[in-house]
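Before any comments, here is the structure.
Just so it is clear, none of the values below were taken in a lab; they were calculated from the coordinates. Since we're looking at a predicted model, the values are computed, not measured. Methodologically, a virtual Cβ is constructed for each residue, glycine included, from the backbone with ideal geometry; neighbour enumeration extends over all protein chains shown.
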Amino acid sequence: MLLGIKCILSMMIGLLLSLLTGFLLLPILHEKNWNQRLSIYLEEKHKLKSSTPTMGGLFFILPTIVYIASLVFLHKITMSYHLFMVLFAFVGYAFIGLVDDYLIIYRKNNKGLSETTKLFWQVVMAIFLFYFFMKAGNEPLLWIHTLHMKWNIGFFYGLFILLVLVSSSNAVNITDGLDGLAAGLSIIALFTFGVITMMTGWLEGYQEISIFIFTLVGSLVGFLFFNSYPAKIFMGDTGSLALGATLGIVAILTRHEVLFILIGIVFVIETITCLLQRTYYKWTHKRLFPITPIHHTLERILPEREVVKIFWIIGLFASLISLVFGVWI
């Protein structure tokens with residue numbers, strides 16, 4: 001009960017700090033003309049958004065870090081090894097995204113870090129996290145809670161962690177294409193993992209990680225105030241890579257990597273359709289879908305806000321089912 005109250009309070013403070021950060025930073029980003037550079041393949045209505053600032057991930061990254069750091073400094077929470085891992089993933093992948101966003105702004109086009117360079121640093125971060133994971137005394141187990149099944153896969157768990165972190169960070173990045181889409185889905189997924197983490201009493205530092213997650217949820221709600229349609233700010237790679245990596249590392253620590261597929265089903269769909277599009281085009285030189293990510297194809301049929309609502313509902317429904325399996329069954 002006390003942990004739940006702490007999480008609610010943290011969510012409220014995260015919301016307020018995010019709103020304050022947004023109102024302070026938004027005029028600065030506009031003044032510096034740090035605007036998003038959009039793909040030439042998008043429709044004309046999206047090109048109107050080219051005057052919208054990017055790096056909005058700072059709106060929820062900075063408040064979350066400041067609040068958690070203040071709690072540690074005031075001895076309200078302990079910097080556990082696992083909380084350190086979550087913060088390392090959150091800040092590390094945010095920095096990769098920040099560099100990418102800065103290069104896009106500096107070069108005045110949509111070419112930031114190359115895909116190879118970005119992937120390289122994501123893999124390096126994943127390797128560090130696997131090292132920390134094993135150093136904390138965790139076993140390399142693939143664990144399906146509902147079926148009460150565990151497999152010790154040894155060294156291959158390192159490759160599994162790499163796959164989860166790289167795919168989750170890129171999946172959120174791919175999904176971040178419509179106003180409020182990635183932010184809303186991340187709120188739903190993080191809230192779900194927050195509830196699951198609160199129930200993992202066997203995990204060292206689970207209370208601190210729960211507080212971090214709900215602080216981030218509150219900060220994201222504040223960010224959504226600026227990012228919902230019509231967006232005044234985009235989160236950029238700064239935010240999307242940080243969110244994806246955070247979801248991935250929490251799934252790993254709570255041993256719900258398989259359930260993460262259901263919790264983040266929209267992220268999975270977006271990623272798979274992009275992979276199918278690339279593969280099909282490579283083989284046939286034809287497009288399987290009119291345009292990917294798939295939300296842009298749906299946008300040709302429905303208004304942007306309707307597409308976002310549909311994906312939010314799918315994400316919410318999947319998360320509710322996940323809670324049944326992750327907490328109850």
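If you go through region 148-158, how many residues are assigned to a loop (DSSP other than H, G, I, E, B) and either under 13 Å from Arg255 (Cα atoms) or touching a residue at least 40 places away in the same chain (Cβ under 8 Å) (or both)?
Result for region 148-158: 1.
Determine which member of the set Phe128, Phe132 is over 16 Å from Leu241 (Cβ atoms), assigned to a helix (DSSP H, G or I) and either touching a strand residue (DSSP E or B) at 6+ places or on another chain (Cβ under 6 Å) or not β-branched (Val, Ile, Thr) (or both).
Going through Phe128, Phe132 in turn, just one is over 16 Å from Leu241 (Cβ atoms), assigned to a helix (DSSP H, G or I) and either touching a strand residue (DSSP E or B) at 6+ places or on another chain (Cβ under 6 Å) or not β-branched (Val, Ile, Thr) (or both): Phe132.
Within region 76-93, how many residues turn out to be in a helix (DSSP H, G or I) and under 30 Å from Leu2 (Cβ atoms)?
So the count comes out to 11.
Applying the selection to region 18-37, what residues are among the hydrophobic types (A, V, I, L, M, F, W, C) and either over 21 Å from Pro53 (Cα atoms) or in contact with a Leu (Cβ under 8 Å, 6 or more places away or on another chain) (or both)?
Leu25
Going by the structure shown, is Val307 under 27 Å from Ile144 (Cβ atoms) and crowded, with 16+ Cβ neighbours inside 10 Å?
On the way: under 27 Å from Ile144 (Cβ atoms): no; crowded, with 16+ Cβ neighbours inside 10 Å: yes.
So Val307 does not fit the description; no.
What do you reckon, is Val124 hydrophobic (A, V, I, L, M, F, W, C), out of contact with any Phe, Trp or Tyr (no Cβ under 8 Å at 6 or more places or on another chain), closer than 30 Å to Ser10 by Cα and surrounded by fewer than 19 Cβ atoms within 10 Å (Cβ to Cβ)? So that I can check it myself, show each step before the final result.
Values: hydrophobic (A, V, I, L, M, F, W, C): yes; out of contact with any Phe, Trp or Tyr (no Cβ under 8 Å at 6 or more places or on another chain): yes; closer than 30 Å to Ser10 by Cα: no; surrounded by fewer than 19 Cβ atoms within 10 Å (Cβ to Cβ): yes.
No: the conditions fail for Val124.
Could you identify the single residue in Leu247, Leu259, Leu216, Leu243 that is closer than 30 Å to Thr146 by Cα, part of a helix (DSSP H, G or I) and touching a strand residue (DSSP E or B) at 6+ places or on another chain (Cβ under 9 Å)?
Unique residue meeting the criteria: Leu259.
From the list Lys108, Lys150, Lys135, Lys118, exactly one residue is under 22 Å from Trp34 (Cβ atoms) and surrounded by fewer than 16 Cβ atoms within 10 Å (Cβ to Cβ). Which is it?
Lys108
Residue check, Ser168 against (1) of a type in the set (S, T, N, Q); (2) in contact with a helix residue (DSSP H, G or I) (Cβ under 8 Å, 6 or more places away or on another chain); (3) part of a helix (DSSP H, G or I); (4) more than 17 Å from Val91 (Cβ to Cβ), all met but one. Which one?
Only one criterion in (1) of a type in the set (S, T, N, Q); (2) in contact with a helix residue (DSSP H, G or I) (Cβ under 8 Å, 6 or more places away or on another chain); (3) part of a helix (DSSP H, G or I); (4) more than 17 Å from Val91 (Cβ to Cβ) is unmet by Ser168, namely (4).
Going by the structure shown, is Lys286 assigned to a helix (DSSP H, G or I) and among the basic types (Lys, Arg)?
The answer is no for Lys286.
Anything in region 283-329 that is hydroxyl-bearing (Ser, Thr, Tyr) and in contact with a Phe, Trp or Tyr (Cβ under 8 Å, 6 or more places away or on another chain)? List them, or say none.
Residues satisfying the conditions are Thr297, Ser319.
Being surrounded by 21 or more Cβ atoms within 10 Å (Cβ to Cβ), among the hydrophobic types (A, V, I, L, M, F, W, C) and in a helix (DSSP H, G or I): is that true of Phe226 here?
So Phe226 passes the test.
Condition check: of a type in the set (Asp, Glu), more than 25 Å from Gly112 (Cα to Cα) and not in a helix (DSSP H, G or I). Does Glu208 satisfy that?
Considered against the rule, which asks whether it is of a type in the set (Asp, Glu), more than 25 Å from Gly112 (Cα to Cα) and not in a helix (DSSP H, G or I), Glu208 comes out as no.
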